[in-house]
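The values are calculated or read from the model by the stated rules, or taken from the named source; none is laboratory data. Since the structure is predicted, the reported quantities are computational estimates derived from the model, not experimental observations. Methodologically, a virtual Cβ is constructed for each residue, glycine included, from the backbone with ideal geometry; neighbour enumeration extends over all protein chains shown. The area values use the complete protein model at the heavy-atom level, side chains included, leaving out ligands, DNA and RNA. Shrake-Rupley method; radii C 1.70, N 1.55, O 1.52, S 1.80 Å.
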There are 2 protein chains.
Amino acid sequence: MDNKEISQAVIGRLPRYFRFLGELKDEGVERISSQELSDIMNVTASQIRQDFNNFGGFGQQGYGYNVAYLYEEIGRILGLDKTHKLIIIGAGNLGQALANYTNFDRRGFLFKGIFDCDPSLYGKKIRSMEIRPMEELEDFVKENEIDMAVLTIPKASAAQVARRLSHTGIRGIWNFAHVDLDVPDGIQVENVHLSDSLMKLAYNINRSENQMLPGFESQLMDEK
Amino acid sequence: MDNKEISQAVIGRLPRYFRFLGELKDEGVERISSQELSDIMNVTASQIRQDFNNFGGFGQQGYGYNVAYLYEEIGRILGLDKTHKLIIIGAGNLGQALANYTNFDRRGFLFKGIFDCDPSLYGKKIRSMEIRPMEELEDFVKENEIDMAVLTIPKASAAQVARRLSHTGIRGIWNFAHVDLDVPDGIQVENVHLSDSLMKLAYNINRSENQMLPGFESQLMDEK
DNA sequence: TAGATTGTTAATCGATTAACAATC
DNA sequence: TAGATTGTTAATCGATTAACAATC
């Protein structure tokens, strides 16, 4: 039932399905067809059915999908039935902001510690958790069976920290540093490159402005 | 020379090219071939040439690409030659963290103001900028010709704030709220859904763990 | 049973890669 | 000029959409 590799395009859509299904569930909706979900989410019904069928049949002909069941199944596929223990490395503004973001807990991402290399921060408490010195990193990860590390450190030190982490048994790195990390197989990296995202927005703003004033050249444009 | 729509797949790669070229430039590298860049970036040389040629020829046969020139051109394509004035709406942990992130300034994203609806925050200063009440939003955007708004508010209020923004002449919304915003044409939305990203990481960790202990079923698996 | 809607196969579309002629 | 490497066309691959038989 398992074993065929699922494309990252599909995986990337699962959290959005999960979110909409959660909302429907909260609204008390019991069943939904791919067509109804299509209308709400603005994706084709065909894509919805194809996506779900990558994991086996969650629906029933003539009926549709049971919202609560589908929600649960997608959560399971995403690994949200398991808990993850995470640490944050880098107690700057972003690191502290993420540490304070309690919503992750609800999904089983448990905040277990935060590290920094700045001695003036040692001992400062964030969500009742002391900021720890980097020297304690390896021991802490092993002793507490941490499986995820959040990297909110400057790009200059990210590669080195990733290398240290790769010997600790960590399973995934959520990387906010603006570099491509090079880690061994078996360690997953998920990048959040905020400046890349902002640049995309800048591009699209520009593009739409150019479309609105369809200048000179495009008016001269004649087909071949 | 313009006018053909560029796919978002290509746009999404531009910031990464930009980053690598910036680094090469800083290292004093003068020219680079698509093959050399391919080796560094782990994408095919063919894709690199195709991507660049969407915007016209930046290279020269037999020579390759001039690093400084290519860097500049990609920056221009991304709209980084223009400055953008942005405000942050929501002065919570994340909003304050982004406000303090001075690196965006270097790329022409100028932090012009921060808003919140919590009166106890009014007047508090972040980067020498007072937190403003939401009532002032519309006037402020118009008077200061703000073109981008960063939404770091709870999902419950995001839709309403987006609606208010859509009447101010804003051009783009960088949305950190965990909802899909519905805005008029001509306003660009770039989403940063952190919890979606974290879920993808959880999925990939799970997947790799299942691959490593290739249990029972996969051993029984025989072709067709 | 008839109607609805899935699961799944086939067709289409778009993106990536390969190949090579053009040209510096 | 010969060698290198682009720009660009053609081939391949993968993802999305359409269609419809299976079935609840």
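Assorted remarks:
- Relative contact order of segment A:84-196, defined on C-alpha pairs under 8 angstrom at six or more residues apart (%): 24 percent
- Counting Lys and Arg as +1 and Asp and Glu as -1 over every other residue whose Cβ lies under 13 Å from the Cβ of A:A99, the net charge comes to +2.
- Within a Gaussian network of chain B (alpha carbon springs, distance under 10 Å), most fluctuating of B:F55, B:F109, B:F140: B:F55
- In the B-A interface, the accessible area buried, summed over both sides, Å² (probe 1.4 Å): 5700 Å²
- Accessible surface for A:M129 stands near 40 Å², nearest 10, in the context of the full protein assembly shown (1.4 Å probe).
- Sorting A:E27, B:E136 by accessible area puts them as A:E27, B:E136; the probe is 1.4 Å, largest comes first, and only protein heavy atoms count.
- Shortest-first distances to equivalent copies, position A:N100, nm, label 7 Å out along Cβ: 0.9
- Spatial offset of segment A:19-88 relative to segment A:142-172 amounts to 32 Å, using the alpha carbon center of each.
- Percent accessible area from carbon and sulfur atoms, the protein assembly as shown, protein chains only, probe 1.4 Å: 48 percent
- Rounded to the nearest 10 square angstrom, B:Y101 shows an accessible area of 100 square angstrom against a 1.4 Å probe.
- Accessible surface of A:S128 - all protein chains present, 1.4 Å probe, nearest 10 Å²: 100 Å²
- Close amide H pairs (under 5 Å, H built 1.01 Å from N) link B:R31 with B:V67, residues at least 5 positions away or on another chain.
- Taking all Cα pairs closer than 8 Å and separated by 6 or more residues, the relative contact order of segment B:73-138 comes to 30 percent.
- Rounded to the nearest 5, the antiparallel percentage of DSSP beta bridges internal to the protein assembly as shown is 20%.
- Whole-Hz ³J(HN,Hα) from phi, Karplus 6.51 cos²θ - 1.76 cosθ + 1.60, for segment A:16-32, glycine and proline x: 6, 4, 4, 5, 5, 5, x, 5, 4, 4, 4, 7, x, 6, 9, 10, 8
- Candidate cross-link partners of A:K4 among the lysines, defined by an alpha-carbon separation under 25 Å and a same-chain spacing of 8 or more, comprise A:K82, B:K200, B:K224.
- Long-range amide H partners of B:V189 with built H, under 5 Å: B:I173
- Peptide A:102-112, shielding by other chains (average Cβ, 10 Å cutoff): 2
- Note that segment B:136-151 has calculated 3J(HN,Hα) couplings of 7, 3, 4, 4, 4, 4, 5, 5, 9, 6, 6, 10, 9, 10, 9, 9 Hz, one per residue in order, obtained from phi through the Karplus relation 6.51 cos²θ - 1.76 cosθ + 1.60 (θ = phi - 60°); glycine and proline are x.
- Other protein chain Cβ atoms within 10 Å, averaged over every residue that makes up A:92-101: 5
- In terms of Cα atoms, the Rg and Dmax of segment B:84-196 work out to 12.8, 36 Å.
- Rule-of-thumb Rg ratio for segment B:14-156 [Cα; 2.2 N^0.38 Å; N residues]: 1.39
- For segment A:8-77, the Kirkwood estimate of hydrodynamic radius, built from reciprocal distances between every pair of different alpha carbons, is 11.9 Å.
- Peptide B:44-50 has a mean shielding of 0, counted as Cβ atoms of other protein chains within 10 Å of each residue's Cβ.
- Amide H contacts of B:G64 (H built 1.01 Å from N, under 5 Å, at least 5 apart or other chain): none
- Its Kirkwood hydrodynamic radius, worked out from the mean inverse distance over all distinct Cα pairs, puts segment A:129-175 at 11.0 Å.
- Residue of A:D116, A:D147, A:D196 that the Gaussian network model of chain A assigns the largest fluctuation, springs spanning Cα pairs under 10 Å: A:D196
- Per-residue ellipticity at 222 nm from helix content only, as computed over chain B with -39500 (n - 2.57) for each DSSP H run of at least four residues, stands at -13000 deg cm²/dmol.
- Translational diffusion of the protein assembly as shown was estimated from the Stokes-Einstein equation, with Rh taken as the Kirkwood radius over Cα pairs; at 37 °C and 0.692 mPa s the coefficient is 135 µm²/s.
- Listed by chain and number, the aspartates and glutamates whose C-alpha is less than 18 Å from the C-alpha of A:K155, apart from same-chain residues fewer than 8 away, are A:D116, A:D118, A:D180, A:D182, A:E190, A:D196, B:E23, B:D26, B:E27, B:D105.
- Accessible area of chain B divided out per residue, in Å², using a probe of 1.4 angstrom: 52 Å²
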